[in-house]
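Shown next, in structure tokens, is the structure this report addresses.
The values are calculated or read from the model by the stated rules, or taken from the named source; none is laboratory data. Just so it is clear, the structure is predicted and the values come from calculations on it, not from any experiment. Note that we place each Cβ from the backbone using ideal geometry, even for glycine, and neighbour counts take in every protein chain shown. Areas reflect the complete protein model, heavy atoms only, side chains present, ligands, DNA and RNA absent. Shrake-Rupley method; radii C 1.70, N 1.55, O 1.52, S 1.80 Å.
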Amino acid sequence: MSHRLPERDKPWMMRTYAGHSTAAKSNELYRSNLAKGQTGLSIAFDLPTQTGYDPDDELARGEVGKVGVPVAHAGDMAALLDGIPLDRMNTSMTINATAAWLLALYVVTAESQGVEQAQLSGTTQNDIIKEFLARGTYAFPPGPSMRLIADMIAYTVEEIPKWNPINICSYHLQEAGATPVQEIAYAMSNAIAVLDAARERVPADRMSAVFARISFFVNAGVRFVEEHAKLRAMAVLWEQLGRERYGVTDEKALRFRYGVQVNSLGLTESQPENNVQRIVLEALAVTLGRDARARAIQLPAWNEALGLPRPWDQQWSLRIQQVLAFETDLLEYPDIFEGSKVMEGLVGELLEGARAEMAVVAEHGGAVKGVDYMKAALVDSHRERIRRIEDGEQIVVGLNRFTESEASPLVEGVDGGIMTVDPAGEAQQIEAVRAWRSGRDQAATDAALAELARVAASEGENIMPATIAAARAGVTTGEWSRTLREVFGEFRAPTGVGDAAASLNGSADLAALRDEVDRVSEALGRRLKILVGKPGLDGHSNGAEQIAVRARDVGMDVVYEGIRLTPEQIATSALHEGVHVVGLSILSGSHLELIPAVVTQLRERGVDVPVVVGGIIPDADVQPLKAAGVAAVYTPKDFDITRIMQDIVRLVAERGGVSTAA
Amino acid sequence: MTQLDGSALAARLRAGDRTAAPDVLNLVESRTPAARVQADALLRGVSPAALGAEAGGHVVGVTGPPGAGKSTLLSELVRAWRAAGRTVAVLAVDPSSRRTGGALLGDRARIAYDPRDDGVFIRSTAAADRLGGLAPSTRAAATALAAAFDVVVVETVGVGQSETDIAELADTVAVVVQPGSGDTLQFLKSGIMEIPDVLVVTKADLGDIALRARRDLSAALRSVGERETAVLAVSSVAPATGIDELIAALDAHLAHTDVAARRVRARRATALADFTAEHGERGLRALGGRREAQRWLAAQNPACDVPSLVGGLEARTVSA
Ligand code: B12
Ligand SMILES: Nc1nc2c(ncn2[C@@H]2O[C@H](COP(=O)(O)OP(=O)(O)OP(=O)(O)O)[C@@H](O)[C@H]2O)c(=O)[nH]1
Ligand SMILES: [Mg+2]
């Protein structure tokens with residue numbers, strides 16, 4: 001084989017994960033991104049759309065248009081894609097619990113452009129197991145959720161053959177703390193659960209076609225050599241799975257296809273410019289070796305840990321991809337790792353580890369039944385990752401090493417270097433959805449919803465035709481979801497914290513703090529008790545989980561009920577549980593709406609304990625939160641959790657009239 | 001912090017004021033000497049003498065192996081009880097390890113309820129050192145809350161022999177097992193385990209395996225000559241099944257139980273547990289041993305409240 005390709009490879013598809021405020025504003029953004037050389041669309045929906053609530057739902061408060069675009073009905077989808085030719089566009093939609101619904105809206109929008117569904121190409125993320133494990137935008141219990149996925153696979157493989165009905169995601173697992181072995185093993189176990197579910201919904205002779213339509217969405221961290229090996233290992237396992245478990249023989253169908261977003265968990269708030277180097281190296285992990293190169297890439301921005309990226313920040317990340325693809329010689333060679341001992345060794349190691357861990361998941365009854373096990377394992381891995389960073393074992397430049405820095409000019413602008421979404425947009429969306437409802441044929445809507453409910457309750461009928469009919473009839477996102485919630489029921493995913501190992505042999509600081517917790521508890525009369533709460537639709541649970549686990553490890557009693565609670569639920573739990581302090585975690589940007597709401601609810605119930613807050617809180621918002629009664633605010637730069645715990649114990653002691661330690 | 005007033009809390013409970021519940025728990029959990037005095041006042045204030053009768057709430061113990069589905073089942077039971085207009089307090093005793101002193105209390109997360117509904121109260125506590133053991137505060141809390149709530153549930157983790165604490169405290173004990181839990185079957189057959197008042201097999205949605213478990217457990221009960229115990233299969237995932245039947249079985253058990261006798265037994269057992277928690281084995285020896293203490297307790301007035309019983313035991317050690 002020659003060491004040069006006869007012809008330079010075509011570059012991967014370049015995307016930017018984007019969307020905010022309204023469909024019209026996001027449409028403008030998409031058009032300008034496409035004009036800059038982006039080659040595919042990647043739609044970020046807001047949390048109400050992802051969890052199935054309309055903008056005027058109580059649970060949507062503070063979240064409408066915040067971290068993505070709100071799409072409440074066919075009219076919003078049409079506005080979002082206005083002027084974008086869907087027969088030629090390749091669109092990735094990060095949508096899961098409500099994936100069937102958003103695909104239906106996409107199909108109906110294409111219709112209105114005169115494009116048939118068979119011409120559409122793109123991806124619905126549609127991976128519910130990782131929502132239970134890491135991402136948090138689930139709506140229905142596991143059984144019905146898996147059925148919806150199987151229905152979409154069965155439908156698209158016949159009707160929208162160029163569509164990827166599901167992206168099996170390992171990306172979010174790494175973001176939740178997974179090791180490379182866990183990332184591979186849980187993603188592959190997940191794929192097995194999905195394919196097994198699909199096998200019950202499609203004829204046996206179509207399994208090869210189904211297998212060919214399953215793609216992956218992976219992560220790549222800064223240890224980029226090992227990360228590349230990980231992708232090669234996944235390709236090996238995928239092919240083996242196809243051949244052995246599903247009898248696939250078509251070579252093309254057996255190919256491991258993946259899109260990627262590189263690691264964001266490791267991107268820092270401290271010295272944020274360093275994130276650019278990290279992103280570039282991570283991009284190499286998914287492009288270097290031709291045999292395991294990404295089909296589609298989207299990159300985070302330098303200001304990832306500060307807040308939402310502005311168009312300029314996203315442009316910078318797109319330009320990274322373009323330099324890599326068009327300026328370097330990367331695309332001129334065959335696989336550069338062919339025959340590499342190092343690569344072969346790394347792949348072998350990862351395969352061995354992943355196969356063993358897949359066997360453990362299988363012992364737990366597979367990925368659906370194994371959610372509790374996998375979740376606990378992820379929380380535990382993340383605990384270990386944080387411990388290494390705290391102890392300086394894992395170096396993070398600018399965070400725990402080389403911390404002296406000049407002031408960064410990047411964050412000096414009036415906007416603080418991030419995009420903020422105008423909160424007035426929410427009111428507009430509420431009005432808009434109400435106007436939509438009053439302008440439609442209500443009888444047709446009701447009939448469509450009744451039919452949807454019937455199909456949902458049926459044993460074998462596919463959900464897609466009734467869903468597409470509902471989209472045409474003017475049904476809203478909230479109505480579609482409510483109808484299914486009524487049939488399927490609701491679900492709360494496990495928190496994983498209960499089984500996390502204890503950091504028993506921790507530092508001297510930890511031991512001293514344990515003594516102090518004992519002393520303060522003694523003086524208070526009962527053990528120091530903390531409630532860790534996650535108000536709103538925000539699914540970022542890492543911070544809350546690690547705070548909860550560490551609070552336990554320093555000797556506190558901890559109440560943590562998981563994500564997606566209302567301020568009222570949190571305040572009621574705090575009252576019932578008699579906690580000495582309430583800690584709230586919000587990363588989705590809705591802290592200015594939700595934190596004061598929790599404080600108000602607490603005080604209304606006579607719960608007068610200190611409230612501390614952590615998450616993505618821009619500097620400018622700290623004062624307003626303190627004015628609302630918050631005692632302390634923590635952000636990612638406060639990586640030393642034992643320190644945070646020291647503060648909390650001191651705060652409780654002060655408020656409880658306990659004298660400070662001698 | 002201001003000291004909570006036990007008599008005032010008791011008065012609120014007697015008046016049916018359920019909003020007293022959080023402070024009742026804060027008080028009985030507190031170990032400061034001042035709080036202990038007030039907690040005694042609280043218990044005296046909800047004693048049969050103060051109430052004029054045994055407290056009206058049905059004290060239900062829900063116990064079983066870890067992960068059997070107890071809390072998820074409680075979520076459905078709470079929903080059904082509330083729909084029937086009955087108020088419910090849940091005391092969830094979490095088994096999580098106290099190796100570092102602290103505990104992650106996870107049961108609450110599984111129980112769904114309307115936060116605006118003051119007919120539901122849920123409190124989590126860490127278990128005592130022993131599996132299935134009850135902290136003194138849980139006994140006191142259950143006793144007190146039974147004066148103001150229609151149902152008081154105590155969730156504990158227990159397998160085999162470890163349910164004795166809850167059996168002493170509750171009017172009705174429901175043992176909850178999941179399909180495929182052979183342990184319970186063996187314990188029942190071999191007589192290691194006390195016969196529960198109600199036996200519940202969860203996760204009926206799993207199908208055959210749940211039905212088989214139910215059949216096997218019924219057979220095991222018959223083989224040890226027990227025909228009274230109801231054996232039910234329930235599913236707590238939508239669509240939930242067997243919940244109304246379970247409630248009926250719990251009610252039926254209560255109707256056939258001499259509640260007063262159980263309560264007397266509970267108070268005496270609680271007094272002994274409180275005494276032992278405070279004075280340890282050495283204190284027991286000073287009384288002439290556990291048996292002797294039990295004999296003395298059995299000879300007391302049945303209506304006697306817990307603080308008085310404990311006081312009596314303490315007086316005997318001093319005089320001994
Ligand atoms: C990991 C991650 C994810 C993971 C979350 C996994 C999980 N289960 O938690 C995944 C991949 C699923 C994810 C998804 C999304 N994400 Co995200 N995510 C991140 C990321 C990269 C890191 C957050 C993290 O976990 N850090 C590690 C933990 C340990 O740190 P931490 O939470 O900050 O906690 C520390 C302190 O803040 C503090 N703290 C935190 N909580 C508390 C609580 C208390 C009581 C105390 C005392 C202290 C405290 O102490 C901790 C110790 O240092 C951030 C960017 C960044 N680098 O920070 C974006 C980020 C938070 N995500 C963002 C977005 C938009 C999303 C999505 C909504 C995108 C979308 N449109 O779909 C989705 C949906 C998620 C959902 N359901 O809500 C935005 C939020 C924007 C904003 N606030 O304006 C960010 C900032 C990225 C960005 N710049 O766009 N994400
Ligand atoms: N399929 C199914 N799963 C259930 C059912 N009830 C509970 N589960 C699951 O079983 C697991 C344990 O449920 P819990 O309610 O926390 O069990 P528990 O007995 O309270 O557990 P501990 O308090 O930890 O001992 C969870 O994953 C539940 O989702 C049921 O009826 N059917
Ligand atoms: Mg439980």
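For residue A:461, the conditions (1) open to solvent by 40 Å² or more (accessible area, probe 1.4 Å); (2) in contact (Cβ under 8 Å) with a residue 40 or more places away in the chain; (3) not aromatic (Phe, Trp, Tyr) all hold with the exception of (2).
Can residue A:615 be described as modelled with pLDDT of 95 or more and at positive phi? Considered against the rule, which asks whether it is modelled with pLDDT of 95 or more and at positive phi, residue A:615 comes out as yes. Scanning the stretch A:522-535 for residues being outside any strand (DSSP E or B) and either open to solvent by 20 Å² or more (accessible area, probe 1.4 Å) or more than 10 Å from every other protein chain (Cβ to nearest Cβ) (or both) gives a total of 6. Taking residue B:99 as the residue in question, decide whether it is at the interface with chain A (Cβ under 9 Å from one of its Cβ atoms) and either more than 16 Å from ligand 1 (Cβ to nearest atom) or modelled with pLDDT of 95 or more (or both). Yes. Applying the criterion of being in a helix (DSSP H, G or I) and open to solvent by less than 20 Å² (accessible area, probe 1.4 Å) to the residues of the stretch B:52-84, the residue that is farthest from ligand 2 (Cβ to nearest atom) is B:81. Tell me, which strands (runs of 3 or more DSSP E) lie completely within the stretch B:137-212 with 3 or more residues that are away from chain A (no Cβ under 14 Å) and within 16 Å of ligand 3 (Cβ to nearest atom)? It comes to B:151-157, B:172-177.
Of all the numbered requirements in (1) under 18 Å from residue A:15 (Cα atoms); (2) crowded, with 19+ Cβ neighbours inside 10 Å, residue A:96 misses one, and that requirement is (1). Candidates are the residues of the stretch B:70-96 that are farther than 17 Å from residue A:497 by Cα and hydroxyl-bearing (Ser, Thr, Tyr); the one that is farthest from ligand 1 (Cβ to nearest atom) is B:87. Under the condition of being within 11 Å of chain A (Cβ to nearest Cβ), in a helix (DSSP H, G or I) and either farther than 22 Å from residue B:90 by Cα or open to solvent by 50 Å² or more (accessible area, probe 1.4 Å) (or both), the residues counted in the stretch B:20-37 number 5.
Inspect all residues belonging to the stretch A:82-93 and state whether any of them is among the acidic types (Asp, Glu), away from ligand 3 (no atom under 16 Å from the Cβ) and within 14 Å of chain B (Cβ to nearest Cβ). Looking for residues that are among the acidic types (Asp, Glu), away from ligand 3 (no atom under 16 Å from the Cβ) and within 14 Å of chain B (Cβ to nearest Cβ), one finds none in the stretch A:82-93, hence no.
Number of residues in the stretch B:213-242 that are of a type outside the set (A, V, I, L, M, F, W, C), more than 11 Å from ligand 2 (Cβ to nearest atom) and outside any loop (DSSP other than H, G, I, E, B): the value is 6. For the stretch B:41-60, the condition of being within 16 Å of ligand 3 (Cβ to nearest atom) and within 9 Å of another protein chain (Cβ to nearest Cβ) holds for none of the residues. Of the set (1) assigned by TED's automatic domain parsing to the domain that holds residue B:151; (2) part of a helix (DSSP H, G or I); (3) surrounded by fewer than 24 Cβ atoms within 10 Å (Cβ to Cβ), all apply to residue B:101 but (2). For the stretch B:125-133, the condition holds for at least one residue, the condition being that it is out of contact with any Cys (no Cβ under 8 Å at 6 or more places or on another chain) and facing chain A (nearest Cβ under 9 Å). Contact map, the stretch A:1-24: residues that are closer than 16 Å to residue A:329 by Cβ paired with residues that are exposed (fewer than 12 other Cβ atoms within 10 Å of the Cβ) and of a type in the set (A, V, I, L, M), Cβ distance under 7 Å, separation 6+ or inter-chain. No pairs are found.
To keep it simple, each residue is scored yes or no on (1) more than 16 Å from ligand 3 (Cβ to nearest atom); (2) assigned to a loop (DSSP other than H, G, I, E, B); (3) open to solvent by less than 20 Å² (accessible area, probe 1.4 Å); (4) more than 8 Å from chain B (Cβ to nearest Cβ).
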residue: A:495; (1), (2), (3), (4): no, yes, no, no
residue: A:515; (1), (2), (3), (4): yes, no, no, yes
residue: A:520; (1), (2), (3), (4): yes, no, yes, yes
residue: A:537; (1), (2), (3), (4): yes, yes, yes, yes
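Taking the stretch A:474-493 as the range and being surrounded by 20 or more Cβ atoms within 10 Å (Cβ to Cβ) and β-branched (Val, Ile, Thr) as the test, the residues that pass are A:475, A:476, A:477, A:483. For the stretch B:109-123, filtered to residues that are modelled with pLDDT under 95 and not in a loop (DSSP other than H, G, I, E, B), the residue that is nearest to the other protein chains (Cβ to nearest Cβ) is B:109. Checked against the criterion of being at pLDDT 95 or above, of a type in the set (D, E, K, R) and either more than 23 Å from the chain's Cα centre (by Cα) or within 30 Å of residue A:375 (Cβ to Cβ) (or both), the stretch A:455-478 contains one or more residues that satisfy it.
The rows are residues; the columns are (1) charged (D, E, K, R); (2) open to solvent by less than 20 Å² (accessible area, probe 1.4 Å); (3) out of contact with any Gly (no Cβ under 7 Å at 6 or more places or on another chain).
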{"site": "A:25", "(1), (2), (3)": "yes, no, yes"}
{"site": "A:37", "(1), (2), (3)": "no, no, yes"}
{"site": "A:43", "(1), (2), (3)": "no, yes, no"}
{"site": "A:54", "(1), (2), (3)": "yes, yes, no"}
{"site": "A:68", "(1), (2), (3)": "no, yes, no"}
{"site": "A:84", "(1), (2), (3)": "no, yes, yes"}
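Residue A:62 satisfies every condition listed in (1) within 16 Å of ligand 1 (Cβ to nearest atom); (2) assigned to a helix (DSSP H, G or I); (3) farther than 19 Å from residue A:485 by Cβ except (2). Taken as a whole, the condition of being within 22 Å of the chain's Cα centre (by Cα) and open to solvent by 20 Å² or more (accessible area, probe 1.4 Å) applies to residue A:20.
So, residue A:563, is that one within 11 Å of ligand 1 (Cβ to nearest atom), in contact (Cβ under 8 Å) with a residue 60 or more places away in the chain, under 26 Å from residue A:60 (Cα atoms) and outside any strand (DSSP E or B) or not? In short, yes. Hey, any hits in the stretch B:9-19 for a residue that's within 14 Å of another protein chain (Cβ to nearest Cβ), of a type in the set (Ser, Thr, Tyr), under 24 Å from residue B:164 (Cα atoms) and assigned to a helix (DSSP H, G or I)? No, the stretch B:9-19 has no match at all. In this structure, is residue A:633 β-branched (Val, Ile, Thr), open to solvent by less than 10 Å² (accessible area, probe 1.4 Å) and not assigned by TED's automatic domain parsing to the domain that holds residue A:176? Here the answer is no, as residue A:633 does not meet what is asked. Kindly check whether there is at least one residue in the stretch A:475-486 that is outside any helix (DSSP H, G or I) and among the hydroxyl-bearing types (Ser, Thr, Tyr). The answer is yes, given that some residue of the stretch A:475-486 is outside any helix (DSSP H, G or I) and among the hydroxyl-bearing types (Ser, Thr, Tyr).
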